[in-house]
1. With the requirement that a residue be more than 10 Å from the chain's Cα centre (by Cα) and not in a strand (DSSP E or B), what does the range 83-103 give you?
2. With the requirement that a residue be touching a residue at least 60 places away in the same chain (Cβ under 8 Å) and of a type in the set (Gly, Ala, Ser), what does the range 24-37 give you?
3. Residue 30 versus (1) at pLDDT below 95; (2) in a helix (DSSP H, G or I): which is the lone unmet condition?
4. Out of the range 135-151, which residues are of a type outside the set (A, V, I, L, M, F, W, C) and surrounded by fewer than 20 Cβ atoms within 10 Å (Cβ to Cβ)?
5. Being at pLDDT below 95, assigned to a loop (DSSP other than H, G, I, E, B) and among the charged types (D, E, K, R) is the requirement here; does residue 63 meet it?
6. Considering each of 164, 121 in turn, give the residue that is in a loop (DSSP other than H, G, I, E, B), within 17 Å of residue 17 (Cβ to Cβ) and either of a type in the set (Gly, Ala, Ser) or in contact (Cβ under 8 Å) with a residue 60 or more places away in the chain (or both).
7. Spot the failing condition for residue 37; the list is (1) touching an Asp or Glu at 6+ places or on another chain (Cβ under 7 Å); (2) not in a loop (DSSP other than H, G, I, E, B), and only one is missed.
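The values are calculated or read from the model by the stated rules, or taken from the named source; none is laboratory data. Since we're looking at a predicted model, the values are computed, not measured. Cβ coordinates were reconstructed from backbone atoms using ideal geometry, including for glycine residues, and neighbour counts include every protein chain displayed.
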Amino acid sequence: MELLVMGRVEPEVLEAIEEGLEKAYRGLVRAFRSKRALEVPKVAYEPRRYQYNSSVILDFLRRSFAPEGDKVLAITHVDLFVPRLNFVFGQAECPGRFAIISTCRLRPEFYGNPPDEALFLERCVKEAVHEIGHTLGLRHCSNRRCVMAFSNSIWDTDFKSAELCEACLRELTRYLRVHGKPLP
């Protein structure tokens, strides 16, 4: 799985996500950093909102980016939205190949709090694991502690773990069997 930088992303974020994905998916996901980096497409910017439409970015990736891996997780610093919501931490094809997360609202400073590197990296990992789960066919989970639970706010992200619950692990196993993928 390819980690693709779009904009400004610190190396520590990439390292934490690499480790977090491999741990959460029990070796099924082998993350590597792309040798390429892309700018966030200007066409995705919505000036009235001061945000970028993540659906437009995913469409851009689908049309313009030839991945080196089976899955691509784009990581960006810009604030993301989809038309029906004020913001999103990330978005993914479900199931599919492409996903994106934003570090913008994962930073404690966004909420007027002092910087906290450990908390910031933990949030990045949770959102990465969540969005890659969607690419692997997992839907939102009703277990609020599961990483696949929908995050309506940063407090939801902080409450959930970085791990899949037992029900989501079973669903992932079923999905992988049907699609002929190796099991974790």
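1. Of everything in the range 83-103, those that are more than 10 Å from the chain's Cα centre (by Cα) and not in a strand (DSSP E or B) turn out to be 83, 84, 85, 86, 87, 93, 94, 95, 96, 97.
2. 24, 27
3. (2)
4. 137, 139, 140, 142, 143, 144, 145
5. Answer is no for this residue.
6. Residue meeting the stated conditions: 164.
7. So residue 37 meets the others, but not (1).
Quick grid of which residues meet (1) over 18 Å from residue 95 (Cα atoms); (2) surrounded by fewer than 21 Cβ atoms within 10 Å (Cβ to Cβ); (3) in contact (Cβ under 8 Å) with a residue 40 or more places away in the chain:
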position	(1), (2), (3)
2	no, yes, yes
12	yes, yes, yes
39	yes, yes, no
43	yes, yes, no
49	yes, yes, no
